[in-house]
1. Can you give the FRET efficiency to the nearest 0.05 for B:ASP77 and A:LEU151, using r as the Cβ-Cβ distance and R₀ = 60 Å?
2. With chain A treated as a Gaussian network of Cα nodes joined by springs under 10 Å, which of A:GLN48, A:GLN11, A:GLN174 yields the largest mean-square fluctuation?
3. So for chain A, averaging the separation of alpha carbon pairs under 8 Å that are six or more residues apart and normalising by length, what relative contact order in percent results?
4. Pulled fully out, how much extra length does the chain show between A:VAL177 and A:LEU159, if you take 0.36 nm times their separation in residues and subtract their Cα-Cα distance?
5. Let me have the 222 nm mean residue ellipticity of chain A computed from DSSP H runs of 4+ only, each contributing -39500 (n - 2.57), with the sum over all residues rounded to the nearest 500.
6. Where does each of B:ASP52, B:ASP158, A:ASP98, B:ASP150 land when they are ranked from fewest to most other beta-carbon atoms within 10 angstrom?
7. From a point 7 Å beyond the Cα of A:LYS52 in the direction of its Cβ, which residues of segment A:19-41 have a backbone N at a distance under 16 Å?
8. Could you check which residue among A:LEU120, A:LEU39, A:LEU159 shows the biggest mean-square fluctuation in a GNM of chain A with a 10 Å Cα cutoff?
Amino acid sequence: MIKHLQIKSGQKKIVPLILTGDPDGVTYSVDLLGRGAELTLLLLLFGQNSAKMPVNINVVHHSPETKSRVLIKGVITDNSRADISGLIKILPGAVGSDAWLSAKLLLLSETASGQVIPNLEILENEVKAGHAASVGRINETELFYLMSRGLSEPKAKELLIKGFFAGLLREFPQQYVKQAEKLLAPII
Amino acid sequence: MTGATRLADLKKSYRLGFHQPESAVFKTPKGLSRDIVSAISHHKDEPEWMHDFRQQSLMIFEQKSLPAWGADLSGIDFNSLHYYLDPSDRRSHTWNDVPAEIRDTYEKIGIPEAERRFLAGVGAQYDSEIIYHDLKKQWEDQGVIFVGMDTALKAYPDLVRRYFGTVIPPSDNKFAALNSAVWSGGSFVYVPAGVQVSIPLQAYFRINAANLGQFERTLILAEEGSSVHYVEGCSAPIYSSDSLHAAVVEIIVKKGARVRYTTIQNWSNNVYNLVTKRMLVEEEGVGEWIDGNLGSKITMKYPSVILNGKGAKGEVLSLAFAGPGQHQDAGGKAIHLAPYTTSTITSKSVSLGGGRSSYRGMVKVAKGAHGSKSFVRCDALLLDQLSRSDTYPVNIINEPDVSLGHEASVSKVGENQLFYLRSRGLSEAQATSLIVNGFIEPIVKELPLEYAVELNRLINLSMENSVG
């Protein structure tokens, strides 16, 4: 899927995406063209078998007071692999812009792997910009705690994975939440 | 004294922008060829294997292209550079033996003082040759070796031959190949097993001849359970034609050893500073880079730690300061090859007056390096609307049992902070200096005292020129 999106002055767009192993992955480039344009891009990744999931997100802030939030969360299992690269660019003159890019991956199997490249190019100083990335597996301490309360290991893992996605799913528009939960059912 | 006059005084007292007339003894013609490489090797009376190593490296250099990423290097004219210059016939061991003119230069940077106070050994590099060496007797007794690379090649041929080019082979990149072909100077440090070198070893590097490329080569070898801190500082007079600095630093940290390498680099604003630095850390070893980049026209430098043994630990602290016309492309790399290895990369960059600073880094966790942890933090401060800041982090994870975190932020000097400080009577320049110094403090506090002081002064000077 290759998409190009332009957001005009005063528009606020929410782009919810779910990727479960499309070999072409997702390429999304977004231009924030008018004053006050806002983007929220939410991407849920779920990789199983030997799915390859290339993700490429480009956001360019052209105008003042534009805002972008790109939130990516993925669960990777079996032999699958996620390749996430993102670029947030703030051009000169886009004063008061606010950009945030976050990518978090949970690796569930011994052979799962991931690559995260969150780039920033900031050419204006009157801005706020940041990014965060993390890659890891299920927190042993949390798992131990849940199991000590009488939950089986699969049940405890299910809860933790649900919890990992919950923060992002909460931001999804209502009609997508059901769909997302259905797609995620196989791992949970 | 008001802040403005204090800054003005500092500017007056900034003594690093001077240069001495050249008095070279042996200098190769401009450009690079097999003959020039042979001439360097023969002039230094090197063994055959080194001569061959140089020739092979030259071939690799000619085959490799410039990196397709990073800063713009198209301005380097490899044919207009001198690749070797030997400023002095004499190799000396006491201060009084050093030629007066060169001694004068060092006097101005303050080496003898620093030596008296903090240092036990000084290897000072003037142009391409180490001309002055002094090592406190206690270390010689312990078996610590701290000599120029050229001396080491003659005095410890087996050690050098065994490790030279093993961490950074000539084929690593174009500039590593160039260095391997024409290297001269740099330090060789050997710390025997179990020896703790408590006072930093220090070498000063200077480029003093216009159009002179500097290609020093440093090799540090810390045997099992030893520890050493090596400090390198650079400052260079200002010239109109471009100079190239392409150093290679190889460090081997054996089991349970600890090496810290501190650099404050302040080349003049026409120098291309392209350095390859890498540390190989074995089991339970600790390798640390502290890397400050203030000067130069373009810097491309990514100190790396290769964590090759169980429980090895690596740390990179990178500081970049990009003023007008400068591009600091700096960062760090951590390659986890063994279980339970940990790495931390902290980068702080400041851009002002149209300068550009880029963080470029990589964390790679290989399959099987389970239980590894890595954390990368990069913060950028943009002081005006002309400047630019980039972050290019690469994280490649091929092992599920890891914990990797990466955070970055870009900000400007906060209006509230500025307002508060000004309401307490500080000028805008003073307030900004204070905020910038606070921003870089996590790195500055790791520096030896005299470097921290010099760094603060340099930053105050830059602020004065740009703010208000």
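Please treat every number below as a calculation from the coordinates, not as lab data. All values reported here derive from a predicted model rather than from experimental measurement. For neighbour counting, all protein chains shown are included, and Cβ atoms are generated from backbone atoms with ideal geometry for every residue, glycine included.
1. Details: r = 68 Å, r/R0 = 1.14.
According to the calculation, E is roughly 0.30.
2. Of the options given, A:GLN174 has the highest mean-square fluctuation.
3. Values: 469 pairs, mean separation 31.0, N = 188.
After rounding, I find 16 percent.
4. Details: separation 18, 0.36 × 18 = 6.48 nm, distance 1.71 nm.
My answer for the length gained is 4.8 nm.
5. Working: 3 runs with 37 residues, N = 188.
Computed ellipticity for chain A at 222 nm equals -6000 deg cm²/dmol.
6. Numbers: B:ASP52 12, B:ASP158 7, A:ASP98 16, B:ASP150 22.
Ranked by crowding around the Cβ, least crowded first: B:ASP158, B:ASP52, A:ASP98, B:ASP150.
7. It comes to A:20-27, nothing else.
8. Per the Cα network of chain A with a 10 Å cutoff, A:LEU159 tops the list.
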